[in-house]
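K.L.:
Sharing a structure here in structure tokens format.
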Amino acid sequence: MSSAPLPRVVVTRRLPSGVESALAARYSCTFNPSDLPLAGPALATSLATADALVPVVGDRLDRLVWHTARDITGGAPLPCRVVANVGVGVDHIDLDAARVAGVPVTNTPDVLTEDTADLALALLLMAARRLGEGERLVRAGRWAGLAPTGFLGASPAGKTLGIVGYGRIGRALARKAHHALGVRVRYHTRTPPAPAVAAAEPWATPAESLEALLAESDVVSLHCPATPDTYHLIDAAALARMRPGAVLVNTARGSVVDAAALAVALRDGPLGAAGLDVYEDEPNVPGELLARENVVLLPHLGSATVETRTAMGMRALANLDAVFAGEPPPDRVA
């Protein structure tokens, strides 16, 4: 007796080899051979022909993609039984359209906290100490030797770090920065930490408001999700409230910051520097930011370690396994 065919799974990007091997051992997988995002038509075709889709940020499953997929099936239910996103944020997926189509969407929480917090701390130091500018000078062959007044940055030691969004990553950054640099931590968040958590983290205290946090912080680090409420949360008015010479760090989502307003604040003040790992229209980076020396620009590296990217892929695999075993996926978000 022949066994049932393996579920067909489309994986939109290359994943760590251990993850790809585990996926291929369980499922009939189609792997995108490149690291470029799949275009909308390819994503729609995958939804309309495969049993599961494994996307990452940048694969834009917007309403048009979902409608196109339904057009391909002639209005029949989609065969896709789950979209197992590799990543925590799902703002690149139209969750309402997924619900209408009856396709569960999952993510990969908890496994990237420490690495993303590490990267935020690295950006904080790079921007405050002007490390990117110095590295570019050396690579260009223009360094003439130590100059006592050259590339003077600002020491974060003993300063105030303001954290917008005090979830797992924000709290991890607070812990690391306090113990490593001795910073004072203030935070603004929609959901205050539980009393027991707050008591265990005496180095961090809530600000009265976002406006107060911006005004009293030497460094502001963003860790809030991308939602309609946080779209351009850091706009020209918010930037104007920040201290002269302050540093802004964003490892959350690009849409939280108005990039045009940020470029002006970096040029004319009050900002002294910024460190960015995310952009509103990735992989496109606004030219006005590319032209600024006082901004560190990274290519979305928050979770980019072998350990974390592997753990993310295996978490997505666990969600696939649950669905095809007829069980609720553990990380369902829609």
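The values are calculated or read from the model by the stated rules, or taken from the named source; none is laboratory data. None of these values were measured; they are calculated from a predicted model. All Cβ positions, even for glycine, are placed from backbone atoms using ideal geometry, and neighbour counts span all protein chains on display. SASA here: full protein model, heavy atoms, side chains in, ligands and nucleic acids out. Shrake-Rupley method; radii C 1.70, N 1.55, O 1.52, S 1.80 Å.
K.L.:
Can you pull out every residue in the stretch 213-223 that is open to solvent by 20 Å² or more (accessible area, probe 1.4 Å) and in contact with a Lys or Arg (Cβ under 8 Å, 6 or more places away or on another chain)?
P.N.:
A215, E216, D218
K.L.:
Is it fair to say T149 is assigned to a strand (DSSP E or B), open to solvent by 20 Å² or more (accessible area, probe 1.4 Å), out of contact with any helix residue (DSSP H, G or I) (no Cβ under 7 Å at 6 or more places or on another chain) and without any contact (Cβ under 8 Å) to a residue 40 or more places away in the chain?
P.N.:
no
K.L.:
Return the residues of the stretch 93-140 that are touching a residue at least 40 places away in the same chain (Cβ under 8 Å), within 30 Å of P55 (Cβ to Cβ) and in a loop (DSSP other than H, G, I, E, B); say none if nothing qualifies.
P.N.:
V103, P104, N107, T108, P109, D110, V111, L112
Matching residues to (1) touching a helix residue (DSSP H, G or I) at 6+ places or on another chain (Cβ under 9 Å); (2) crowded, with 17+ Cβ neighbours inside 10 Å; (3) among the small types (G, A, S):
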| residue | (1), (2), (3) |
| --- | --- |
| G87 | yes, yes, yes |
| P104 | yes, yes, no |
| T108 | yes, yes, no |
| R129 | no, yes, no |
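K.L.:
State which residue pairs qualify: first residue within 15 Å of A172 (Cα to Cα) and assigned to a loop (DSSP other than H, G, I, E, B) and inside the stretch 191-208, second residue open to solvent by 80 Å² or more (accessible area, probe 1.4 Å) and not small (G, A, S) in any location, beta carbons under 9 Å apart, and separation of 6 or more residues or different chains.
P.N.:
Once the first residue is within 15 Å of A172 (Cα to Cα) and assigned to a loop (DSSP other than H, G, I, E, B) and sits in the stretch 191-208, its partners that are open to solvent by 80 Å² or more (accessible area, probe 1.4 Å) and not small (G, A, S) give E201/R175; W203/R175; W203/H179; W203/R184.
K.L.:
Follow-up question, since we're still on this one. Taking the options A127, A120, name whichever one is modelled with pLDDT of 95 or more and closer than 14 Å to E293 by Cα.
P.N.:
Result: A127 is the single residue among A127, A120 that is modelled with pLDDT of 95 or more and closer than 14 Å to E293 by Cα.
K.L.:
While we're looking at this one, here's another question. Kindly list the number of the only condition in (1) over 21 Å from the mean Cα position of the chain (by Cα); (2) open to solvent by less than 10 Å² (accessible area, probe 1.4 Å) that fails for V164.
P.N.:
So the condition that V164 fails would be (1).
K.L.:
Condition first: in a strand (DSSP E or B) and open to solvent by less than 60 Å² (accessible area, probe 1.4 Å). Now tell me which residues in the stretch 173-185 satisfy that.
P.N.:
V185
K.L.:
Go over the candidates A226, A316, A304 one by one and state the one that is more than 29 Å from E133 (Cα to Cα), in a loop (DSSP other than H, G, I, E, B), out of contact with any His (no Cβ under 8 Å at 6 or more places or on another chain) and open to solvent by less than 50 Å² (accessible area, probe 1.4 Å).
P.N.:
A226
K.L.:
Tell me, which residue of the stretch 81-92 that is part of a loop (DSSP other than H, G, I, E, B) and of a type outside the set (V, I, T) is farthest from E280 (Cα to Cα)?
P.N.:
Filtering first and then ranking leaves R81.
K.L.:
Additional query: So if I check each of A265, A236, which one is farther than 30 Å from V82 by Cβ and exposed (fewer than 15 other Cβ atoms within 10 Å of the Cβ)?
P.N.:
A236
K.L.:
Any idea how many residues of the stretch 186-212 are open to solvent by 40 Å² or more (accessible area, probe 1.4 Å) and of a type in the set (D, E)?
P.N.:
2
K.L.:
Do you know which residues across the stretch 246-256 are in contact with a His (Cβ under 8 Å, 6 or more places away or on another chain) and outside any helix (DSSP H, G or I)?
P.N.:
T251, A252
K.L.:
Take the residues in the stretch 239-262 that are open to solvent by 30 Å² or more (accessible area, probe 1.4 Å) and not small (G, A, S); name whichever of them is nearest to L210 (Cα to Cα).
P.N.:
Only one residue tops the list, namely R241.
K.L.:
Could you pull out every one of the strands (runs of 3 or more DSSP E) wholly within the stretch 2-80 that has 1 or more residues that are touching a Phe, Trp or Tyr at 6+ places or on another chain (Cβ under 8 Å) and open to solvent by less than 40 Å² (accessible area, probe 1.4 Å)?
P.N.:
Fully inside the stretch 2-80 and qualifying: 8-11, 52-54.
K.L.:
Something else about it: Which one of these is more than 29 Å from T113 (Cα to Cα) and in a loop (DSSP other than H, G, I, E, B): R292, R243, R267?
P.N.:
From the options R292, R243, R267, the qualifying one is R292.
K.L.:
Suppose the filter is under 14 Å from C80 (Cβ atoms) and under 23 Å from the mean Cα position of the chain (by Cα); does L43 pass it?
P.N.:
Considered against the rule, which asks whether it is under 14 Å from C80 (Cβ atoms) and under 23 Å from the mean Cα position of the chain (by Cα), L43 comes out as yes.
K.L.:
When residues of the stretch 46-97 are filtered for being small (G, A, S) and under 24 Å from the mean Cα position of the chain (by Cα), how many remain?
P.N.:
The qualifying residues number 6.
K.L.:
Looking at L271, L181, which is the one that is under 30 Å from G58 (Cβ atoms) and either modelled with pLDDT of 95 or more or among the basic types (K, R) (or both)?
P.N.:
L271
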